[in-house]
Structures are given as C-alpha cells and as structure tokens.
Amino acid sequence: MKNFLIVCLSILTFSSFSQSKLNVKKEFEFAAKQYQGMLSSHPDLTQFPQSTLPDGSPRNMKSDWWCSGFFGGSLWYIYQYNHLPTWKAAAEKWTMAVENEKYNTRTHDLGFMLYCPFGNGYRLTKNPVYKDIMLTGAKSLATRFDPKIGLIKSWESFVGGYKYPVIIDNMMNLEFLFWAAKESGNKELYNLSVIHADNTMKNHYRPDFSSYHVLCYGPNGEILAKKTHQGAADESAWSRGQAWGLYGYTVMYRETKDKKYLDFARNIANFYLNNPNLPADKIPYWDFSKVGEERDASAGAICASALLELSTFGGKDAKTYYNSAVKMLESLSTPAYKAELGKNNHFILMHSTGHKPGNSEINVPLIYADYYYLEGLLRYESLRTKKKLF
Ligand code: GLY
C-alpha cells in the first residue's frame with residue numbers, strides 16, 4: 001500500500017491517460033453515508049457484515065470466516081480519505097474484533113483476515129499493537145507451508161479425498177508475508193512466498209495465462225488433480241480467480257522486482273482484458289465461460305485495483321491497464337452496480353457472485369467487493385492527483 005503510492009508518484013505521467021468522470025470525493029461521501037447505516041445495524045462486534053441472504057436479510061459471519069477483515073479494512077480506507085476521528089474509532093473497533101484469528105492455523109486466509117484491517121490500520125496509525133498481532137498471525141500462516149511441497153496449504157481437504165489443496169486465491173496472502181518479513185527480519189517468510197509464487201506460476205496456469213482454481217498436491221509435491229470449486233468447470237476461467245492471480249503477481253513484482261513476475265502479471269491482465277467474453281462495461285460474468293449469466297462486481301473491483309498498480313510499472317500496455325481500470329471503477333460507480341443510499345443492506349456495491357456452483361451468494365453484495373472498490377478509488381485518486389493521500 002505505502003510502496004504502491006511511492007511508485008505511483010515517481011513513475012506516472014498523466015498527460016496521455018484518459019480523463020475520467022469518476023468523482024472520488026462523491027464516492028467516498030456516499031461510502032461514508034452508506035456505511036454509517038452499516039455501523040448502526042451492526043452493534044455486535046462478533047457479527048461481521050458479509051452479504052445478503054436469499055430472503056433479503058443481511059448475512060453476517062464470525063471472525064473465523066475468511067472475509068472478517070474486509071469491513072475493518074474498508075473503514076480504514078474511508079478514514080484515509082476523510083481523516084475524521086469517528087471513522088478512525090469505528091475502524092479500530094472492527095479491526096480489533098478480528099484479533100483472535102492471529103492464532104488461527106486452520107486457514108490460509110490470514111492475509112485477508114489480518115492484513116486488510118491491521119495492515120491498513122498500522123500504515124495509517126503506526127499502532128504497535130497492530131504490528132504485534134500481525135507478526136503473530138504471519139507465523140500462524142507460515143505453519144501451513146510444507147517445504148517438501150513448496151506451497152502454502154489452502155484448505156484441510158478437498159472433495160475426492162485430497163489432503164493438500166492449493167487455490168489461486170492463496171496468492172493474496174503473500175503481501176502479508178512480505179510485510180512481516182520486512183518488519184521482523186525473518187527472511188524465511190520472504191523465501192517461502194517466492195517459492196509458493198513460483199510453484200503456482202508453474203502449475204496453476206494454462207498456456208493462455210488463465211488459471212485453475214484448485215490444485216491438489218500429493219505429499220511430495222506431485223500434482224494429483226486440477227479442479228474448480230467456485231468456477232463453472234475445472235477447465236474454465238473463474239473470474240475472481242483470474243483477478244486474485246493478477247493482483248498477486250503484481251504484488252510479487254512490487255516486492256521482489258523480479259521481472260518474470262511483471263511479465264506474468266501482464267500476461268494475466270492481457271488474458272482478462274482481451275477476452276472476447278468480457279462485457280463492454282469491463283465487469284466480468286462470474287466465470288469467463290458463462291456469458292449472459294450473473295456478473296461478479298467483486299472480480300471487477302479487485303482487477304481494477306490491481307491494474308492501477310500494474311500501470312505504474314510502465315511498459316507498452318501501461319495506458320491500457322490504467323484506462324481499463326478507470327473504466328471498471330466508472331462502471332461500478334454507476335447505478336448499474338452502486339446501491340441507492342440506505343438500500344442493499346448498506347453495502348456499497350451490488351451484483352457480485354460468491355459461489356454459484358454451491359448455490360451461495362449469487363448476484364448479491366459482498367463485503368470484499370466494497371473493500372477493493374474503495375482501494376481502487378484511493379489508488380486512482382493518488383495517481384490522478386500525484387499526491388500521497390496520507
Ligand atoms: N477466497 C474465496 C473467494 O474468492 O471466494
């Protein structure tokens with residue numbers, strides 16, 4: 001996040017980039033009003049806003065659900081924009097509500113759960129308590145790395161009796177481990193992140209740079225199966241998975257400066273952006289093979305945020321990445337995706353798809369769509385104004 005801003009300021013010139021109708025001030029004013037309703041309707045700090053149930057009522061989850069960090073993280077983004085103490089207080093409350101997960105060794109999702117709230121909180125406040133919590137959490141996450149396999153295990157098992165499933169989403173945990181490596185001086189965390197990313201690059205991707213969702217490994221790192229869980233088919237391109245990979249390899253380049261990751265991120269971006277099944281508004285269907293079905297606004301938001309960072313690394317397609325990201329954010333800011341004030345159970349965005357094959361969270365708001373939308377808006381504002389926002 002911090003590094004992102006520095007890179008942006010030093011590299012981008014904006015004369016050749018398209019002017020946008022995006023009004024970040026208006027978007028953050030709306031987000032604050034909408035989330036005021038979310039805060040009022042969520043007095044219980046063990047009930048984290050997640051989505052909407054089929055009957056229209058709010059879907060809340062506990063702190064051990066992979067999404068528990070996104071609400072606190074979103075509150076930090078609002079505070080980053082408006083600097084108001086009430087938002088800081090709300091962010092602090094919902095951040096600390098996740099603390100206990102620092103001991104959780106049963107999931108790979110600690111990057112989302114801890115780094116989104118505590119990482120943003122630490123960046124903005126330098127509260128040493130947040131740092132300690134994250135360093136403990138990073139150690140918990142690292143217990144899931146088996147050096148013989150060379151990957152962080154995502155889930156404890158997967159249908160078919162597989163015992164070492166790794167999902168593309170796992171690339172999103174590495175930013176947290178890179179941070180922890182720097183802060184603690186523990187080079188192991190850096191090394192295992194690089195090994196995980198290299199094996200994912202080797203095994204998870206197809207020749208067209210689309211990715212599988214789940215790879216099932218044997219005890220010596222042998223690949224037993226290439227499957228999907230949330231995508232339409234084992235061989236299809238699940239949209240959010242493509243966005244996670246793009247974001248993950250963009251971070252890999254930022255953190256290592258190894259050009260092979262930059263080239264890889266660009267190839268993933270080109271698969272996504274040049275895909276004939278990507279709609280004109282650049283918000284994908286939930287799976288690239290499912291034209292005409294539900295969209296996934298969360299994939300659009302993640303992709304927009306990642307592309308903005310990727311655009312800062314220059315190259316012949318930098319302008320395309322930037323302009324595409326802006327188009328995505330513009331689309332999300334229209335009434336086609338953005339809720340009316342007080343509606344949508346107080347989430348900002350509508351029309352995400354969590355797990356269609358599991359018949360769960362289809363065409364609904366999702367807390368992480370809001371989080372990456374706000375992040376994308378901040379990145380855009382930082383690039384547009386050439387200012388560090390904090
Ligand atoms: N990490 C789970 C998902 O993207 O739905």
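Looking at region 335-357 only, could you name the residues that are open to solvent by less than 40 Å² (accessible area, probe 1.4 Å), more than 21 Å from L22 (Cα to Cα) and assigned to a loop (DSSP other than H, G, I, E, B)?
Once the filter is applied, which keeps residues that are open to solvent by less than 40 Å² (accessible area, probe 1.4 Å), more than 21 Å from L22 (Cα to Cα) and assigned to a loop (DSSP other than H, G, I, E, B), region 335-357 yields T353, G354.
Go through (1) within 16 Å of the ligand (Cβ to nearest atom); (2) open to solvent by less than 40 Å² (accessible area, probe 1.4 Å) for L374 and report which single condition fails.
(1)
In region 261-285, how many residues are in contact with a helix residue (DSSP H, G or I) (Cβ under 8 Å, 6 or more places away or on another chain), assigned to a helix (DSSP H, G or I) and not basic (K, R)?
Adding up the residues that qualify gives 9.
Inspect all residues belonging to region 288-296 and state whether any of them is over 22 Å from A237 (Cα atoms) and of a type outside the set (A, V, I, L, M).
No, region 288-296 contains no residue that is over 22 Å from A237 (Cα atoms) and of a type outside the set (A, V, I, L, M).
Being open to solvent by less than 10 Å² (accessible area, probe 1.4 Å) and over 17 Å from the mean Cα position of the chain (by Cα): is that true of W76 here?
No.
Any idea which residue in region 259-288 is nearest to S324 (Cα to Cα), counting only those that are in contact (Cβ under 8 Å) with a residue 60 or more places away in the chain and surrounded by fewer than 24 Cβ atoms within 10 Å (Cβ to Cβ)?
Only one residue fits best here, namely N270.
Restricting attention to region 50-62, which residues are more than 16 Å from the ligand (Cβ to nearest atom) and either crowded, with 16+ Cβ neighbours inside 10 Å or of a type in the set (A, V, I, L, M, F, W, C) (or both)?
Of everything in region 50-62, those that are more than 16 Å from the ligand (Cβ to nearest atom) and either crowded, with 16+ Cβ neighbours inside 10 Å or of a type in the set (A, V, I, L, M, F, W, C) (or both) turn out to be L53, P58, N60.
For region 93-105, which positions are in contact with a helix residue (DSSP H, G or I) (Cβ under 9 Å, 6 or more places away or on another chain) and surrounded by fewer than 20 Cβ atoms within 10 Å (Cβ to Cβ)?
Result: K93, M96, E99, Y103, N104, T105.
Hey, can you tell me all the residues within region 361-390 that are part of a helix (DSSP H, G or I), within 19 Å of the chain's Cα centre (by Cα) and of a type outside the set (F, W, Y)?
I367, A369, D370, L374, E375, G376, L377, L378, R379, E381, S382
If I ask for residues that are away from the ligand (no atom under 16 Å from the Cβ) and of a type in the set (S, T, Y), which ones from region 211-260 would you list?
Once the filter is applied, which keeps residues that are away from the ligand (no atom under 16 Å from the Cβ) and of a type in the set (S, T, Y), region 211-260 yields Y217, Y249, T250, Y253, T256.
Does A233 satisfy the criteria of being among the small types (G, A, S) and within 21 Å of the chain's Cα centre (by Cα)?
Taking the combined requirement at face value, the residue does not satisfy it.
What's the number of the only condition in (1) open to solvent by 10 Å² or more (accessible area, probe 1.4 Å); (2) within 27 Å of F70 (Cα to Cα); (3) in contact with a helix residue (DSSP H, G or I) (Cβ under 8 Å, 6 or more places away or on another chain) that F209 fails to meet?
(2)
Pick from region 289-323 the residues that are farther than 17 Å from V251 by Cα, open to solvent by less than 10 Å² (accessible area, probe 1.4 Å) and not aliphatic (A, V, I, L, M): which of them is nearest to the chain's Cα centre (by Cα)?
Going through the qualifying residues, I end up with S298.
Condition first: more than 22 Å from the chain's Cα centre (by Cα) and under 11 Å from V166 (Cα atoms). Now tell me which residues in region 206-217 satisfy that.
C216, Y217
Looking only at region 140-157, how many residues end up being touching a residue at least 60 places away in the same chain (Cβ under 8 Å) and open to solvent by 20 Å² or more (accessible area, probe 1.4 Å)?
1
Those residues that are open to solvent by 10 Å² or more (accessible area, probe 1.4 Å) and farther than 18 Å from I223 by Cα, I need them from region 193-206; list them, please.
Passing the criteria: only V194.
Assess whether G358 counts as being under 23 Å from G111 (Cβ atoms) and over 17 Å from the mean Cα position of the chain (by Cα).
yes
The values are calculated or read from the model by the stated rules, or taken from the named source; none is laboratory data. As the structure is a computational prediction, the values presented were derived from the model and not from experiment. Don't worry about glycine lacking a Cβ; one is built from the backbone with ideal geometry, like all the others, and counts go over all protein chains shown. Heads up: the accessible areas ignore ligands, DNA and RNA and are worked out on the full protein's heavy atoms, side chains in. Shrake-Rupley method; radii C 1.70, N 1.55, O 1.52, S 1.80 Å.
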